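The block underneath contains the structure these notes are about, expressed in structure tokens.
The values are calculated or read from the model by the stated rules, or taken from the named source; none is laboratory data. Since the model is a prediction, treat every value here as computed from it, not as a measurement. Backbone-built Cβ (ideal geometry, glycine too); neighbour counts: all protein chains shown.
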Amino acid sequence: MTPEERLPLLIIAGPTAAGKTELALRVAQQVGGEVISADSMQIYQGMEIGTAKPTAEERARAPIHLIDFVPPDGAYTVAEFTRDAARLIEEIHGRGRLPIVAGGTGLYLRALTEGFDFPPPPTGRGVRERLWAEVEEIGSQRMHERLAAVDPVAAERIAPPDARRIVRALEVYELTGRPFSAERDVDAEAAAKYNCAKYVLSPPRRSLFNRVESRVDAMMAAGWLDEVRALVAAGVPSDAQSMQAIGYRRLREHLDGQRDLDETARLIKRDTRRFAKRQITWLRGSEGYSWLAPAGEAAQRACVAMIVTQAGRIG
């Protein structure tokens, strides 16, 4: 594919609570763009509050794709995201508009822009349930050590607290006999499809953590616990992919009587801060991003103006 044939694509990444959606919407409104969400939890229906899904008012400002379309007991893979996002990018260009991929799921972003080829997911639910039971019994740190013994490359990429990805990697190994890391190959042709301008929105650490704390408080006040209670009543199992979203497991534990609500909220804030740090670490290991740390409304407007200018250059 020649440089002239590559499709313009804007990426706005960053940790949770950084303000990615607002920045993406501001840019979309100025350039005539459409947003493609790269958030692995906003895809689930019935999980509006705890995933900070864009509101109806935000969705009215510009089209936002790949949110709110998977049942909460369903599954959605990186391969499916890559396929769906690529299709949407083509369709948005066909409408004469600019696709803007915005989100914090680093694996989604890397798979789309670097062309990783992922195999179909394994189907051994019994294996997955056993592995999750072992996580509960011995903890994610020891499961991470087990992963390091069979797939050191994957263990290097996956943080010890990230139980969901540890279980996924061990599941692939048990069901296929191949390391999870061996299933990822770079497709250079796919990676060359896009002319990307890539940004990371990363506020100063103290500001980000203050935003995390305020967001959790607002979610709790908005009825997050009732949202989780409804999911439990609907029969969504605790090992569902959706229930690995930050906070949902903690709130289920509260409903089971394991701790009071104040302590639950404290743990959710701590888990979210840790998650944000892991997101930042992942993005620092990715290539081609410009890092933005706007402080205040004037700096935010300057960032929007700069990105709009760059969007004109890649188009």
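The residues in region 228-258 that are assigned to a loop (DSSP other than H, G, I, E, B) and within 17 Å of Ala75 (Cα to Cα) can be counted, and the count is 9.
Let's see how each residue does on (1) farther than 29 Å from Leu175 by Cβ; (2) surrounded by fewer than 16 Cβ atoms within 10 Å (Cβ to Cβ); (3) in contact with an Asp or Glu (Cβ under 9 Å, 6 or more places away or on another chain); (4) at pLDDT below 95:
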{"position": "Ala79", "(1), (2), (3), (4)": "no, yes, yes, yes"}
{"position": "Ile89", "(1), (2), (3), (4)": "yes, no, no, no"}
{"position": "Gly106", "(1), (2), (3), (4)": "no, no, no, yes"}
{"position": "Phe116", "(1), (2), (3), (4)": "no, no, yes, yes"}
{"position": "Trp132", "(1), (2), (3), (4)": "no, no, yes, yes"}
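From the list Gln30, Gln42, exactly one residue is in the same structural domain as Ala218 (by TED's automatic domain parsing), surrounded by 16 or more Cβ atoms within 10 Å (Cβ to Cβ) and among the polar types (S, T, N, Q). Which is it? Break it down stepwise before answering.
Numbers: Gln30 fails: surrounded by 16 or more Cβ atoms within 10 Å (Cβ to Cβ).
Within the list Gln30, Gln42, the selection yields Gln42.
The single condition among (1) under 27 Å from Val101 (Cα atoms); (2) buried (at least 20 other Cβ atoms within 10 Å of the Cβ); (3) hydrophobic (A, V, I, L, M, F, W, C); (4) modelled with pLDDT under 95 that Val216 does not meet is (4). When restricted to residues that are closer than 18 Å to Met243 by Cα and not in a loop (DSSP other than H, G, I, E, B), region 26-66 contains 1.
Can you find even one residue in region 174-191 that is farther than 30 Å from Arg128 by Cα, out of contact with any helix residue (DSSP H, G or I) (no Cβ under 6 Å at 6 or more places or on another chain), outside any loop (DSSP other than H, G, I, E, B) and modelled with pLDDT of 85 or more? Outline the logic, then answer.
Let us first name the residues in region 174-191 that are farther than 30 Å from Arg128 by Cα, namely 188-191.
Going one step further and asking which of them are out of contact with any helix residue (DSSP H, G or I) (no Cβ under 6 Å at 6 or more places or on another chain), we end up with 188-190.
Now narrow it down to the ones that are outside any loop (DSSP other than H, G, I, E, B): 188-190.
From what's left, modelled with pLDDT of 85 or more: none.
No, the conditions are met nowhere in region 174-191.
Which of the residues belonging to region 220-229 are under 12 Å from Leu251 (Cα atoms) and not charged (D, E, K, R)? Once the filter is applied, which keeps residues that are under 12 Å from Leu251 (Cα atoms) and not charged (D, E, K, R), region 220-229 yields Met220, Gly223, Trp224, Leu225, Val228. A Cβ distance below 7 Å, combined with a sequence gap of six or more or placement on separate chains, defines the contacts here; from region 46-57, residues that are farther than 16 Å from Leu251 by Cβ and assigned by TED's automatic domain parsing to the domain that holds Gln241 reach residues that are at pLDDT 95 or above and not in a loop (DSSP other than H, G, I, E, B) in the pairs Pro54/Thr21; Pro54/Ile64. Only residues that are of a type outside the set (Phe, Trp, Tyr) and under 22 Å from Thr113 (Cβ atoms) were counted in region 265-292, giving 13.
Condition check ((1) over 25 Å from Pro203 (Cβ atoms); (2) in a helix (DSSP H, G or I); (3) out of contact with any strand residue (DSSP E or B) (no Cβ under 7 Å at 6 or more places or on another chain)) across all residues:
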{"site": "Thr16", "(1), (2), (3)": "no, no, yes"}
{"site": "Asp68", "(1), (2), (3)": "yes, no, yes"}
{"site": "Gly74", "(1), (2), (3)": "yes, no, yes"}
{"site": "Phe81", "(1), (2), (3)": "yes, yes, yes"}
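Just one of the listed residues (Ala245, Ala265, Ala222, Ala233) is buried (at least 17 other Cβ atoms within 10 Å of the Cβ) and closer than 27 Å to Pro71 by Cβ, namely Ala245.
For region 88-95, the criterion of being within 16 Å of the chain's Cα centre (by Cα), under 21 Å from Gly14 (Cβ atoms), assigned to a helix (DSSP H, G or I) and in contact (Cβ under 8 Å) with a residue 40 or more places away in the chain is satisfied by no residue at all.
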